[in-house]
Amino acid sequence: MRVHRGHIPDPAGAGCALTIGNFDGVHRGHQAMLALLNNEARHRGLRSVVMSFEPHPRDWFAARAGQPELAPRRIATLRDKLQELERCGVDEVVLLRFDEALASMPPLAFIEDVLVRRLNTRYVLVGDDFRFGAKRAGDYALLDAEGSRLGFDVARMMSYEVHGLRVSSSAVREALAAGDMTRAARLLGRPYAITGHVVHGRKLGRDLGFRTLNLRFPSRLPAAQGIFVVQVHGLADKPLPGVASLGVRPTVEDAGRVLLEVHCLEWPAGVAIDGGYARILQVDLLHKLHDELRYPSLEALQAGIAKDVADARDWFARAGGPGR
């Protein structure tokens, strides 16, 4: 999969089949849309292309209004979003920087300049609630009418449901906020996971007797927060059981930086104590134990971690171990 960051590639002669959206989480509704896009692209001899944005447009508008707390909580890191899009078989991703110029572009200019002239779009697939252009003035009806005029086909995919539940990024966020990891996995079609490079931390976990592997979460507003039972991929040839904290570490830092701190219940043989650094790990969040807590002392924090470890072991014993 080719990724074009911050620019629109030169149009290819064969043109493209395009869908547009934020794709936060790449949930089962997104997956169904991408399968349809790929099928249409193959049938028509076109490239399948996803156009997405960074930052999320709602992040940008919230920051411009001076109310960053109104931004949506982020489900996935950019790394995870691109990885899932590649898994879905997309040929290319055009990742545009959302800024004033893009926010103020009239819908007709977006269609004529971006879709037709720059991307040579021959087929566009959008969701039932798709809006675009300055003040969100563009909609499916306008896109369809302009497609007839300019020579590209337009299709709309209606809501996708699982057991009567409409699948959306908002529904995934609600499940994660509630700590309902089973419902989140049902909406995503897989366990909720975060991947990233292991980075150096303060080594406090090691001093407390619980060494951790630290992954940064780039958004200050993660959709999930708290203490979780997890399984870790990338340190051994099988998933390792663990317990993790996702949040701002209120007892030791509380500086607003979001970190995923993972303690493996079993350390793999042959991997040195510092052997996790710079590796790319995938951490599946399987079950929420509780919200983050502010402990009155490091001794209380140590006791709290010990209880979390014991509770995680009990959960795996009931579940039959990791990799289920």
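The values are calculated or read from the model by the stated rules, or taken from the named source; none is laboratory data. Quick caveat, the model's predicted, so the values are computed rather than measured. Don't worry about glycine lacking a Cβ; one is built from the backbone with ideal geometry, like all the others, and counts go over all protein chains shown. Heavy atoms of the whole protein, side chains included, go into the accessibility calculation; ligands, DNA and RNA do not. Shrake-Rupley method; radii C 1.70, N 1.55, O 1.52, S 1.80 Å.
The set of residues in the stretch 36-87 being under 21 Å from VAL154 (Cα atoms), basic (Lys, Arg) and in a helix (DSSP H, G or I) consists of ARG42, ARG44. Of all residue pairs spaced 6 or more apart or on separate chains, those with beta-carbon atoms under 9 Å, a first member in the stretch 21-36 that is in contact (Cβ under 8 Å) with a residue 60 or more places away in the chain and of a type in the set (Phe, Trp, Tyr) and a second member that is open to solvent by less than 10 Å² (accessible area, probe 1.4 Å) and part of a helix (DSSP H, G or I) are PHE23/LEU34; PHE23/LEU85.
Any idea which residue in the stretch 174-191 is farthest from ASP24 (Cα to Cα), counting only those that are of a type in the set (A, V, I, L, M) and in contact with a helix residue (DSSP H, G or I) (Cβ under 8 Å, 6 or more places away or on another chain)? My answer is MET181.
Residues that are open to solvent by 60 Å² or more (accessible area, probe 1.4 Å) and within 24 Å of the chain's Cα centre (by Cα) within the stretch 65-87 comprise GLN67, PRO68, GLU69, LEU70, ARG73, ARG79, GLN83, GLU86, ARG87, listed in sequence order.
Taking the conditions exactly as written (without any contact (Cβ under 8 Å) to a residue 12 or more places away in the chain, under 22 Å from GLU161 (Cα atoms) and basic (Lys, Arg)), does ARG131 satisfy them or not?
yes
Among the residues of the stretch 278-324, those that are in contact with a Phe, Trp or Tyr (Cβ under 9 Å, 6 or more places away or on another chain) and farther than 24 Å from ARG183 by Cα comprise LEU301, GLN302, ALA303, GLY304, ILE305, ALA306. ARG190 meets all of the listed conditions (1) closer than 21 Å to GLU261 by Cα; (2) outside any helix (DSSP H, G or I); (3) modelled with pLDDT of 95 or more but one, namely (1). The set of residues in the stretch 50-64 that are over 18 Å from the mean Cα position of the chain (by Cα) and open to solvent by less than 80 Å² (accessible area, probe 1.4 Å) comprises ALA62, ALA63. If the condition is being within 25 Å of VAL126 (Cβ to Cβ) and either open to solvent by 10 Å² or more (accessible area, probe 1.4 Å) or assigned to a loop (DSSP other than H, G, I, E, B) (or both), then the stretch 172-185 contributes ARG173, GLU174. On inspection, ALA244 does not qualify as surrounded by 18 or more Cβ atoms within 10 Å (Cβ to Cβ), farther than 30 Å from GLU299 by Cα and either within 20 Å of the chain's Cα centre (by Cα) or of a type in the set (Lys, Arg) (or both). Would you confirm, using the coordinates I've provided, whether ASP24 is of a type in the set (Asp, Glu), assigned to a loop (DSSP other than H, G, I, E, B) and surrounded by 15 or more Cβ atoms within 10 Å (Cβ to Cβ)? Yes.
Each residue in the stretch 88-106 was checked for being under 21 Å from the mean Cα position of the chain (by Cα) and either of a type in the set (Ser, Thr, Tyr) or at positive phi (or both), and 1 of them qualify.
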